1. Rank these for me by crowding, 53, 81, going from fewest to most other beta carbons within 10 Å.
2. Under a point spin-label approximation (7 Å from Cα along Cα-to-Cβ), what is the residue 48-residue 73 distance to one decimal in nm?
3. Fewest Cβ neighbours within 10 Å first, please rank 37, 24, 96 accordingly.
4. Once the Cα gyration tensor of the stretch 55-102 is found, what semi-axes does its equivalent ellipsoid get, as square roots of 5 times the eigenvalues, in whole Å, sorted largest first?
5. Could you line up 98, 41 from fewest to most neighbouring Cβ atoms inside 10 Å?
């Protein structure tokens, strides 16, 4: 079985490599926790987890939908976050690499 790496968000330059892991907790649509380190996905501005959005048919829980979409993309995959800068809240700004079998 061939393995390839799919880059979800390629957004910025410098990187510090970390080991790939399955120990990932999705916080919201643009924040993940990997082995106890909080990562902010650089270049992604997802709704906050409790945020609701309006559409013609009413409101919907867009924050939960964003979290669920990121969870779907990472479930069952080896996840590697790389980055060396932090944001205002102390989260590491990163890109996410997923190892998937094709």
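1. Going from sparsest to densest Cβ surroundings: 53, 81.
2. A separation of 2.2 nm, rounded to one decimal place.
3. Result, fewest neighbours first: 37, 24, 96.
4. 26, 20, 7
5. Final ranking by Cβ density, sparse to dense: 98, 41.
Read-outs: derived from the displayed coordinates by stated rules, not from any lab. Here the structure is a predicted model, which is why all the values come from computation and not from measurement. Note that we place each Cβ from the backbone using ideal geometry, even for glycine, and neighbour counts take in every protein chain shown.
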